[in-house]
Amino acid sequence: MISTSRLNLIPAHEALAESVIEFHKRNASHLSPWDPPKPADFLTETFQRKRLRQAEADATAGTALRWWLCMQEDPHLLVGTIGLSAIARGPFQNALLGYSLEGSLQGQGFMQEGLSAVIAHAFSAEINLHRIQANVRPDNLRSLRVLERLGFEREGFARDYLFIHDKWHDHVMFALRNKDFKGVPVA
């Protein structure tokens with residue numbers, strides 16, 4: 001677990017299935033403009049348990065890391081998620097960043113706080129990534145601002161990057177580099 005002044009970031013695990021479902025139900029309309037289509041059984045315990053087991057296996061394999069956010073004063077209510085996926089080692093040492101936050105908590109610095117903690121962890125000696133990439137739709141102004149505040153630099157523009165709501169959407173490509181990177185281990 002990672003803790004900040006207001007949040008606990010809990011590693012994904014199967015026992016969170018019901019809380020994850022509740023998070024997605026509460027935030028369905030808030031997140032729908034930004035999320036790709038979901039399978040019909042997405043809000044079932046069976047689906048979420050399988051997804052969370054996969055997240056645990058990915059963490060063990062070192063290919064992805066996912067945390068669920070809760071307020072320190074209410075540890076049973078999940079209010080967001082942050083994930084590092086497609087973790088690549090060797091000469092790349094890179095991950096893709098994804099995140100979402102409870103609609104009612106937007107604009108209060110919670111995502112910046114959580115992302116700062118995850119970035120510090122990802123750039124620590126334990127994980128030792130060289131860079132983190134994030135791709136955001138140009139119309140997602142809150143997400144663009146949080147990345148800029150965290151020091152991410154715009155690196156490009158991807159046309160028709162993700163399929164959301166029956167059409168392809170362009171994305172702005174950002175990256176943050178680890179200035180204290182320790183080097184690629186020799187195999």
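The values are calculated or read from the model by the stated rules, or taken from the named source; none is laboratory data. Keep in mind that what you see is a predicted model, and the values were worked out from it rather than measured. Here the Cβ positions follow ideal geometry from the backbone for every residue, glycine too, while neighbour counts run over all protein chains shown. Ligands, DNA and RNA are excluded from the accessible area calculation, which covers all protein heavy atoms including side chains. Shrake-Rupley method; radii C 1.70, N 1.55, O 1.52, S 1.80 Å.
Tell me the Kirkwood radius of the chain: reciprocal of the mean inverse pair distance over distinct alpha-carbon atoms, in Å.
17.2
At most 15 other C-beta atoms within 10 Å and a DSSP loop state: those are the exposed GluC sites (Glu not before Pro) I care about. Give me the longest piece of the chain that has none.
Between the exposed loop sites, the longest stretch runs 1-72.
Tell me the label-point distance for the pair Ser116, Phe42, using the 7 Å Cα-to-Cβ offset, in nm and rounded to one decimal.
Modelled inter-label distance: 3.1 nm.
Determine the gain in length on full extension of the stretch Glu56-Asp35; use 0.36 nm per residue of separation and subtract their C-alpha separation, reporting nm with one decimal.
5.4 nm
Within the stretch 129-167, which chymotrypsin sites (Phe, Trp or Tyr not before Pro) sit in a loop by DSSP and count at most 15 neighbouring Cβ atoms inside 10 Å? Let's see the in-between values first.
Details: sites: Phe152, Phe157, Tyr161, Phe163; in loops: Phe152.
Those that pass, being in a loop and sparsely packed, number zero.
Answer rounded, prolate or oblate for the stretch 31-79, using the Cα gyration tensor with square roots of eigenvalues a ≥ b ≥ c: rounded when a/c is under 1.5, else prolate when a/b is larger than b/c, else oblate.
Oblate.
At a Cα cut-off below 22 Å, give the lysines reachable from Lys167, other chains included and same-chain residues fewer than 8 away excluded.
Lys38
Using a 1.4 Å probe, how large is the accessible area of Asp166, given in Å² and rounded to the nearest 10?
Its accessible surface works out to 140 Å², give or take rounding.
Semi-axes of the equivalent ellipsoid of the stretch 68-160: what are they in whole Å, largest first, if each equals the square root of 5 times a C-alpha gyration tensor eigenvalue?
23, 18, 11
Distance between Cα centroids, the stretch 1-44 to the stretch 75-141: provide it in whole Å.
Result: 14 Å between the Cα centres.
If exposed means no more than 13 neighbouring beta carbons inside 10 Å and the site is in a DSSP loop, what's the longest run of the chain without any exposed trypsin sites (Lys or Arg not before Pro)?
Working: sites that count: Lys179, Lys182.
Excluding the exposed sites themselves, the longest stretch runs over 1-178.
Roughly how much of His13 is accessible, in Å² to the nearest 10, using a 1.4 Å probe?
Result for His13: roughly 60 Å² accessible.
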